[in-house]
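Working notes for the structure below.
Nothing in this text is a laboratory measurement; each read-out follows from the coordinates by a stated rule. Computed from a predicted structure; not experimentally measured. Note that we place each Cβ from the backbone using ideal geometry, even for glycine, and neighbour counts take in every protein chain shown.
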Amino acid sequence: MKKMTLALLIFMLSLGGYWVSSSGQKMDVVIVGGGFDGCAAARSAAVAAPDKKILLVVTEPVQSVGGLGTVGGQNFTDIRLWQGQLVTQGSFGRWFAKAGQFYSTERMTEIIREDLSQFNNIKTLYSYDIEQVATDKNKIKELTLRNISRKESGEVGWGQDVKKINGKIFIDASVDGRLTRLAGNTVSVGRADWPATYLPAPENGTLARQQAATLMFQVKGVKTPPKNMRIKDWEFVRDAKGSWGLAGGKEAFTSNPKVVGFNEQYSPQGFAIKPINAAANGKDSDVWWINCLLVFNVDGRAHQRDKGSSLYPSDLLPEHLNVDEAWVKAREFINTDTFIDTLREFKVQNPSTGEWYGFGEAELVRENHNLPIVGQSMYIRESLHSATSNELNTNEENNHYAITTNEAQSAQSHASGTDADNYQTRIGLGYYMMDINAFVPEDLKATGQYDWPVTKHLRPDWEAAGGQPKNPVYLPLEALLPSHTQNLLVPGYGASISSFAWAELRVLPNLAVLGDAAGVTAVRSLNVTKPPGSLSKEDITWIQEKLKSFGARLDK
């Protein structure tokens, strides 16, 4: 019997990782969320401390890492070069170099899984979520996790298996900010920190909407030109790996009678089609993942499995859906003739050859039950934001957050810009466009007619201040710190970033940068036995040097 037990132990260790028992397994670092940020955190922690036990809890209902960037179908990588260079390096830079900008989601899953499998001190626990958080004196002591799975109805429900996890440092890399919220930290929801002038009723400083969500879906029959080409407002591009991506459709969105009529009819029901980003599912694939369906009034914090319990948010706007309700309704909506017929209007003719490209002949890709293949996770663009203190005055986007709206928008190309205060504690660079995909359907025609993008119409003060960021913003260590939980780091959606700054920093490359920093910071905190918020200048220098040695870029 002893020999069998030893053999089993050796076998389990050979697979990498640690067994998680139902009686309270002790781990050093516990990471909740298996997206790019969570996986980056796990990797950087494993490299920095091969003697520490790291648990990665994947909260999607499938056995796969990568979150939105894989099982969610968002395979059109949102990058923005600065001075011709990619500034979001580190883990993301390595994955990007292998996968390309428009990648196979299966291949990206494989890349990340292979990357993590190098480290025997990482254990991955698939398809579990937090059921309870035990805290003591501003510290998380234990998580109760329960398995989840997608029901035949489409909702994600609780299972029967429960695991209790004790940890020293916890990392919230989730989309819903669940660990941050349940641990009792001060957060704002959606755009509650916007100036009151720009919040339509019934929104106010405590009750506010989050950006529209999306459900990615697959189609076949997308037609591309023989080479990279820009035709009118359409851009067709092949990446370095030979995979196609495209962006376009503003003219159809604003002027095509069928598209305009579609949005007029269905936006009151919470759906609209926007201009399209799409990418083939890898080189030579006829399958494409499509990002074009806006789903309004979705609260990214709320899940059907929590309904009726204290885990369910009590401050939802009346018309809001939880994530499961939205996923089911969106899949049903995609699975209609009207939807696919409208999608086919997104096409463009080459004036030189008369050839049509785009979605004129597109067909939905379907699974065994003849339902459309969609992302296993919803593309949630926003949920909650950590405040820097227990006191949160509303409508103050340039206070109470480690990264403010002004810092993100007006950062300079040197260390003395609006983000200068972030320089000493910088743990990476963040860069993209401040990209808002609308909060309510009326945003799509804020000027009286349909227009895209909508950011400048929603915030004319932002437009007057210079519009899109010209330079990367320094990401400070403080962005990872919640209001009071001492052993928690937050590189996910709940990071300390104002709502408008989040519109830039929410994309996956930036989140991976925060994830790398969270993993290394967790290790330093353990090594010096100090909470992350109490780390000294010397500790932060160690973190910065370690990140640089891992390929991260911290300087402009």
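The calculated 222 nm mean residue ellipticity attributable to helices in the chain amounts to -7500 deg cm²/dmol, summing -39500 (n - 2.57) over DSSP H runs of n ≥ 4 and dividing by all residues.
Projecting the Cα atoms of W356, N228, N398 onto the charge dipole of the chain (Cβ charges, centred on the Cα centre) puts N228 farthest toward the positive pole.
Listed by chain and number, the aspartates and glutamates whose alpha-carbon sits under 19 Å from that of K548, ignoring those within fewer than 8 places in the same chain, are D37, D115, E478, D516, E538, D539.
Using the Cβ-Cβ distance between N390 and T447 with R0 set to 30 Å, the FRET efficiency from 1/(1 + (r/R0)^6) comes to roughly 0.15.
In sequence order, the stretch 229-234 has phi-based couplings of 7, 10, 10, 6, 9, 9 Hz under the Karplus curve 6.51 cos²θ - 1.76 cosθ + 1.60, θ = phi - 60°, and Gly or Pro positions carry x. Between the helical axis of 105-117 and the longest alpha-carbon principal axis of the chain there is an angle of about 10 degrees.
Phi-derived couplings, Karplus 6.51 cos²θ - 1.76 cosθ + 1.60 at θ = phi - 60°, listed residue by residue for the stretch 296-312: 8, 6, 10, 9, x, 7, 9, 10, 4, 5, 8, 4, x, 10, 5, 6, 7 Hz, with x used for Gly and Pro.
Basic side chains Lys and Arg get +1 at the Cβ, acidic Asp and Glu get -1 at the Cβ, and with that the dipole of the chain about its Cα centre reaches some 1720 debye. Ordering 399-411, 442-454 by mean Cβ neighbour count within 10 Å, with the highest value first, yields 399-411, 442-454. Ignoring lysines fewer than eight residues from K141 along the same chain, the ones with Cα atoms less than 24 angstrom from its Cα are K26, K52, K53, K123, K163, K164, K168, K530. Hey, what angle do you get for helix 508-528 against the long axis of the chain, alpha-carbon based, 0 to 90 degrees rounded to 10? Once rounded, the angle reads 10 degrees. Kindly identify the stretch 105-193 as rounded, prolate or oblate by the Cα gyration tensor criterion: order the square roots of the eigenvalues as a ≥ b ≥ c, call it rounded if a/c is under 1.5, otherwise compare a/b with b/c, prolate if a/b is larger, else oblate. Cα axes put the stretch 105-193 in the rounded bin. Positive end of the dipole of the chain (Cβ unit charges, origin at the Cα centre): among A208, V523, G154, the Cα lying farthest that way belongs to V523.
Peptides 263-272, 144-153, 195-204, ordered by how many other C-beta atoms sit within 10 Å of their residues on average, highest first, read 263-272, 144-153, 195-204. Taking the Cα centre of the stretch 213-364 as origin and assigning +1 to Lys and Arg Cβ atoms and -1 to Asp and Glu Cβ atoms, the resulting dipole is close to 500 debye. Per the Debye formula on identical point scatterers at the alpha carbon atoms of the stretch 213-364, with no solvent, log10 I(q)/I(0) at q = 0.09, 0.17, 0.18 Å⁻¹ is -0.34, -0.96, -1.04. Taking trypsin sites (Lys or Arg not before Pro) across the stretch 212-254, the ones in a DSSP loop with at most 11 further Cβ atoms lying within 10 angstrom of their Cβ are K227. With the convex hull constructed from alpha-carbon coordinates only, the chain shows a mean projected area of 25.4 nm² over all directions. Each peptide in 466-476, 330-340 receives the mean, over its residues, of other Cβ atoms within 10 Å, and ordering these scores from highest gives 466-476, 330-340.
The angle between the Cα long axis of helix 36-48 and the main principal axis of the chain comes to about 30°, on a 0 to 90 degree scale. Residue by residue, the stretch 268-276 carries 3J(HN,Hα) couplings of x, 8, x, 10, 7, 9, 10, x, 9 Hz when phi is fed to the Karplus relation 6.51 cos²θ - 1.76 cosθ + 1.60 (θ = phi - 60°); x denotes Gly or Pro. Placing unit charges on each Cβ (+1 for Lys and Arg, -1 for Asp and Glu) gives the stretch 31-128 a dipole about its Cα centre, and among I122, G69, G38 the Cα reaching farthest toward its positive end belongs to I122.
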